[in-house]
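The values are calculated or read from the model by the stated rules, or taken from the named source; none is laboratory data. These numbers were taken from a predicted model, which means no experiment stands behind them. No Cβ is skipped: glycine too gets one built from the backbone with ideal geometry, and neighbour counts run over all protein chains shown. Quick note on the areas: whole protein, heavy atoms, side chains included, nothing else; ligands and nucleic acids left out. Shrake-Rupley method; radii C 1.70, N 1.55, O 1.52, S 1.80 Å.
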Amino acid sequence: MKRALVALSLAALALCACTPPSESCIKTTCAEQGKSCGQIDDGCGGSLECGASCPEDATCTDGAMNQDETDVDCGGRCSKKCLFGKGCAGWDDCTSGRCEVGKCAEPDACRNNLKDGLETDADCGGTQCLACAVGKYCREHTDCLSATCVYGVCKEPSCTDGMKNQGEVDVDCAGPCSTKCADGKVCGGPADCASGACAGGRCISCQDEAKNGSEADVDCGGACSTKCGNGKSCGGPADCQSGMCENQRCVATGCSDGVKNGSETDTDCGGGCPTKCTEGKRCTLPGDCQSGLCPGGTCVACLVDGVKDGQETDVDCGASCPSQCADGKVCGALADCSSGGICLNDRCQRHCGVGNGGCDADALCTNTPSGRTCVCRAGYLGDGMGCMDIDECQTGNGGCNDANAPVCVNEPGGYRCIADLEWANWSVPPETPSSYTVGVETVTDNVTGLIWQKDVVSLSFNWGDAKTYCSVISLGGQGGWRLPTLIELLSIVNSGRSDPAINTSAFPNTPSEHFWSSTPYSGSLGGAWRVYFNGGGTTFNNLSSMGRVRCVR
């Protein structure tokens, strides 16, 4: 009997021979013997411990890196392969089929200088490639290195993009942003909060008529910027308007007796008084003055010295200075800027210098002392905030009476008299991809000579925004894009197919939706023509409705 027990012990030692506790155990060793982890002698004076490093229920879906996985729930014994950037031991561990220096590398498709596969731009974006740089196309915020996708293009993060990025303490507030965080937002200190109070990592209100947070009394003291008046509770002198806290109550000093006494630099202000001295009052230090300026022992509102000092928003202008700041100077409010200017992104600017002053893209914006005016350009009709092209050809054929040029062709903002319609001379395009030259971002129609936007963004626009979008984009390193006319948009319809009715080899991923043209609907001053790319038919709708856009040049 003893010999049998010795033989069984030696068999167990052979299976678990001296496995260091730091190494993962192989569960099948225990399972093969019908025993659970921790029951087998490890041959080193202890028992085989599976525990945390090799739990009984370890799987390829438990959110932990265990067993012999090369990364969490992927690689190794798991059937699921690892995405790029995850750990690997060989090429078979990676979805890309590439394992370099212990990490899954990007697939070859992310290195071919082409926009293909699931990429949103050439070799970037999507689910397989690294995120894209600023200016590249995107569909989601995760497609961008900046984590900011606006109108289908990666943008630099800002303090108005509705995202918590670039070191902001909470969404679009504090950190690098000038805007302070509202009540309830995350904060790291009082300076992060609009209320000036941060408690428990959240901005709290100092105006809710309740004693809460670290306040010494109701809405004062503690984390609140407001100091407590006489008779209010206090935890120290810093909680009190008077700067005096006795028996945990704020008490009066001589700073409100109408007499210059104590350490005051002028009557009831400066020195040890919480009240700062106004312009013209005596001072000893800049801190004695509301303006923070004390030249020659007298408080001044603005010191014209060629230096940004005191409360000035820029050199010798803004805030307490009588001089307002010129365009391009730093500002904190509209009042800091010279007449007709606005304060945007902390800089004084003319109204018309920012987004055409809010006027329509086809309107002329003119700065005025009190703001700006918007007037539709010649050839357009509207109030300046919205402008629609006038079809001059509808009245008297636009005056095209010359026998050599009898045909009137309407154009944005004007018209032309031509011998015949240029598009009538276009050849009938063959129904094959050979009609087009396809680039990375553009498609050239070899019949009409028009150059088209290849991929469309996933957004819809009203008619005015559609025109603006085309006017500001750059494709293939070129600008000058515009919204196509109705006849131009119809020239790329493929009547031999539907859903979508277009050559999908030249224009992949085209949705079967309505696309805007620049051609107004003659029956209404508030409508324009569209092409429905489900079947290729034309429709018209009001200018405020939403539609898709493909730009042309």
Taking a ≥ b ≥ c as the square roots of the Cα gyration tensor eigenvalues, with a/c under 1.5 meaning rounded and otherwise prolate when a/b beats b/c, else oblate, which class fits the range 188-329? oblate
Largest-first principal axis extents of the Cα set of the range 283-360 (Å): 55, 18, 16
Virtual spin-label span in nm between residue 246 and residue 61, 7 Å along Cα→Cβ: 7.4
Debye intensity ratio I(q)/I(0), log10, the range 116-219, q values 0.24 Å⁻¹ (C-alpha model): -1.06
Quick query: amide H of residue 103 versus all other amide H atoms, modeled in the peptide plane; which residues come in under 5 Å with a sequence gap of 5 or more or a different chain? 88
I need to check one value: relative contact order of the range 158-303, counting alpha carbon pairs closer than 8 Å and at least 6 residues apart, in percent. 9
Under 24 Å Cα-Cα from residue 454, which lysines qualify once same-chain neighbours fewer than 8 residues away are excluded? 115, 136, 155, 467
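If you roll a 1.4 Å probe over the range 262-376 with all protein chains in place, what percent of the accessible area is carbon or sulfur?
So the carbon and sulfur contribution to the accessible surface is 54 percent.
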How large is the translational diffusion coefficient of the range 471-553 in µm² per second when you combine the Kirkwood radius over alpha carbon pairs with Stokes-Einstein at 37 °C and 0.692 mPa s? 247
Net charge over other residues, Cβ less than 10 angstrom from the Cβ of residue 123 (K, R count +1; D, E count -1): -1
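Mind putting a number on the dipole of the range 206-340 about its Cα centre? Charges go on the C-beta only, +1 for Lys and Arg and -1 for Asp and Glu, and I need it in Debye to the nearest 20.
Using Cβ point charges on Lys, Arg, Asp and Glu, the range 206-340 gives about 280 debye.
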Using label points projected 7 Å from each Cα along Cα→Cβ, tell me how many nm separate residue 261 and residue 285, to one decimal. 2.4
Using the Kirkwood radius built from alpha carbon pairs, what does the Stokes-Einstein equation give as D for the range 196-274 at 10 °C and 1.306 mPa s, in µm² per second? 122
Size descriptor, Kirkwood hydrodynamic radius, that averages inverse alpha-carbon separations across the range 148-195, Å: 11.0
Three principal axis lengths of the range 66-184 [C-alpha, angstrom, descending]: 50, 36, 21
Could you let me know the centre-to-centre spacing of the range 356-376 and the range 309-331, using Cα atoms, in angstrom? 26
With only Lys, Arg, Asp and Glu charged, each at its Cβ (+1 for the first two, -1 for the last two), find how big the charge dipole of the range 121-201 is about the Cα centre; round to the nearest 20 debye. 80
